[in-house]
Amino acid sequence: MSGMIIEGKTGRWEVICGLEIHCQIISKSKMFSGASTHYGSDTNENVSFVDAGMPGMLPTLNEECVRQAIKTGLGLNAVINKYSEFARKNYFYADLPQGYQITQFKYPLVGEGKVVVNLSDGTTKEIGIERIHIEQDAGKSIHDISPNKSFIDLNRAGVGLMEIVTKPDFRSPEEAGAFLRKLRSIVRYLGTCDGNMDEGSMRCDINVSVRKVGETELRTRNEMKNVNSVKFVMQAIESEAKRHVETYENGGTIEQETRQFDPNTCATKVMRKKEFAHDYRYFPEPDLLPLVIDDEYIEQIRSEMVELPDAKQERFVKELGLTAYDASVLCENKETAEWFEKAANGHDAKKVANWMMGDFFAMLNEKKISLEESPISPENLGRLVDLITSNVINGKTAKDVFALMAETGDTPDKIVEEKGLKQVTDTAAIEAVIDAVISANPDNVAAYKAGKTALMGWFVGQVMKESRGKANPGIVNQILAQKLNS
Ligand code: MN
């Protein structure tokens, strides 16, 4: 069981958590206008009359945003609703020129779904998706340019969003973190959202409550808005759950409120109480028709989908013999999975996976470079593994060859040839080295024969040293054992 239990003074408490994630849809133009969605343009460069909320301007639905949301729904194993409606969510804010957000309320485009997450103890857990609705993003208020003025950038106003709402299925910060990483992985595989939390293209709202173990009713929850990293989401859940337990155990009550998580203090503070909660006066959007799609449309989108991380992971286990854990690490990122497949193609896949997750990732980290910048090509890593499995070099030499590959980008064959690193499998040559070591160390030979068998390791070490690491360790062990035990 992966749930987090808080041991309080009055007993044991469990954490209940649900997430709402706003994902910016990847599309060239905005959801209801032809303005560009390009990130990093000049301030207010990408603003149409529709985005600026000019009187008389009418929204036109961008079909690409609908397709992207359906694709995401299919990726989350969710029901696609053939009938959905847009609604107006009314509120007043400077960065919302229309005075309302076009969203979906009663009839969302995507219904219930599920996502399987992998936990650190090797277990998996299914997290329920409640719904996904599509809506437009607001602009951005900028308060840090002038001490007495605020500025508005409407480039983001009208960009398409998918709001993904989960069921309150999380029982620990770890589960929520695993879910966010999985969701990010899926949308990136699908190409429907870039998943960059630090740039705000994926933003997470968290609902947290606690209850005594054994209680069946949910207690009052608090919401934390716009937490912008997986780590902060996990910290926010933990600190908020502990605050609830402490409050209850000190005789207090939790009131429904919106709070803000401060990463510097790892604590939450109140933003607004429920009595100030908005009344959004939702009503069906009069400027847009209901959205009606058919099975053929959905199936056409399904047919364009790429292989998703779960399916890829399963294939790596079944066809390539990887462990579930190794497969899940390699499949989290699509580029990594594809690089691995190229490297493993025609070679010992398990060994390639070990090299990739060990020395190869360490090398990328150390050089602070991405996979694409790797001096070692997938073909060359596969070839290195071949040289080991065919006994051309031993494992120790392979580490040295790998280091040279990372430095020069050369093929392992070229390095082995030039540096004369081919393993010595010639038994006569190895036997000569062994005889020399044995005759030079009569005391240790005597000690070994007297029962100090742990000295075997020392003898192997001496022989390897004499052969400059090139002797085949299997052959060395075999001949040494024969000679010392005779
Ligand atoms: Mn929303």
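The values are calculated or read from the model by the stated rules, or taken from the named source; none is laboratory data. Since this is a predicted model, take the numbers as computed values, not measurements. Here the Cβ positions follow ideal geometry from the backbone for every residue, glycine too, while neighbour counts run over all protein chains shown. Ligands, DNA and RNA are stripped out before the accessible areas are found, and what is left, the full protein with its side chains, is counted by its heavy atoms. Shrake-Rupley method; radii C 1.70, N 1.55, O 1.52, S 1.80 Å.
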Exercise for the section: Looking only at the stretch 458-472, count how many residues are in contact (Cβ under 8 Å) with a residue 60 or more places away in the chain and either open to solvent by 50 Å² or more (accessible area, probe 1.4 Å) or not in a helix (DSSP H, G or I) (or both). Expected result: 4
Exercise for the section: Could you tell me whether any residue of the stretch 113-123 is more than 16 Å from the ligand (Cβ to nearest atom), among the acidic types (Asp, Glu) and either under 23 Å from ASN207 (Cβ atoms) or within 32 Å of the chain's Cα centre (by Cα) (or both)? Expected result: yes
Practice task
Give just the number: which of (1) crowded, with 19+ Cβ neighbours inside 10 Å; (2) away from the ligand (no atom under 16 Å from the Cβ); (3) over 12 Å from ALA157 (Cβ atoms) does THR37 not satisfy?
Solution key: (3)
Practice task
Determine whether ALA324 is of a type in the set (A, V, I, L, M, F, W, C), closer than 18 Å to ALA178 by Cα, without any contact (Cβ under 8 Å) to a residue 24 or more places away in the chain and not assigned by TED's automatic domain parsing to the domain that holds ILE70.
Solution key: no
Practice task
Go through the residues of the stretch 328-351 one by one and say whether even a single one is within 18 Å of VAL385 (Cα to Cα), in the same structural domain as LYS399 (by TED's automatic domain parsing), open to solvent by less than 50 Å² (accessible area, probe 1.4 Å) and without any contact (Cβ under 8 Å) to a residue 24 or more places away in the chain.
Solution key: no
Exercise for the section: Within the stretch 151-181, track down each residue that is within 16 Å of the ligand (Cβ to nearest atom) and among the charged types (D, E, K, R). Expected result: ARG156, GLU163
Practice task
Could you please find all residues in the stretch 7-24 being more than 16 Å from the ligand (Cβ to nearest atom), farther than 24 Å from ASN118 by Cβ and in contact with a strand residue (DSSP E or B) (Cβ under 9 Å, 6 or more places away or on another chain)?
Solution key: GLU7, GLY8, THR10, GLY11, ARG12, TRP13
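Based on this model, can you work out whether ASP51 counts as more than 16 Å from the ligand (Cβ to nearest atom), acidic (Asp, Glu), surrounded by 21 or more Cβ atoms within 10 Å (Cβ to Cβ) and assigned to a loop (DSSP other than H, G, I, E, B)? Show your work before the answer.
Working: more than 16 Å from the ligand (Cβ to nearest atom): yes; acidic (Asp, Glu): yes; surrounded by 21 or more Cβ atoms within 10 Å (Cβ to Cβ): yes; assigned to a loop (DSSP other than H, G, I, E, B): yes.
Spelling it out, ASP51 is indeed more than 16 Å from the ligand (Cβ to nearest atom), acidic (Asp, Glu), surrounded by 21 or more Cβ atoms within 10 Å (Cβ to Cβ) and assigned to a loop (DSSP other than H, G, I, E, B).
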Exercise for the section: Among the numbered conditions (1) open to solvent by 30 Å² or more (accessible area, probe 1.4 Å); (2) under 26 Å from LEU183 (Cα atoms), tell me where ASP42 comes up short. Expected result: (2)
Handout entry: Lone unmet requirement of (1) assigned to a loop (DSSP other than H, G, I, E, B); (2) open to solvent by less than 10 Å² (accessible area, probe 1.4 Å) for VAL117
Key = (1)
Fill in the blank from the handout: Every listed condition ((1) open to solvent by less than 20 Å² (accessible area, probe 1.4 Å); (2) within 16 Å of the ligand (Cβ to nearest atom)) holds for VAL66 save (2)
Exercise for the section: Would you tally the residues in the stretch 136-150 being within 16 Å of the ligand (Cβ to nearest atom) and surrounded by fewer than 22 Cβ atoms within 10 Å (Cβ to Cβ)? Expected result: 2
Completion exercise
Residue count, the stretch 70-106, condition in a loop (DSSP other than H, G, I, E, B), within 16 Å of the ligand (Cβ to nearest atom) and among the charged types (D, E, K, R), comes to 3
Exercise for the section: With the condition kept exactly as written, say whether any residue in the stretch 292-313 is outside the structural domain of ASP348 (by TED's automatic domain parsing), without any contact (Cβ under 8 Å) to a residue 40 or more places away in the chain, hydrophobic (A, V, I, L, M, F, W, C) and part of a strand (DSSP E or B). Expected result: no
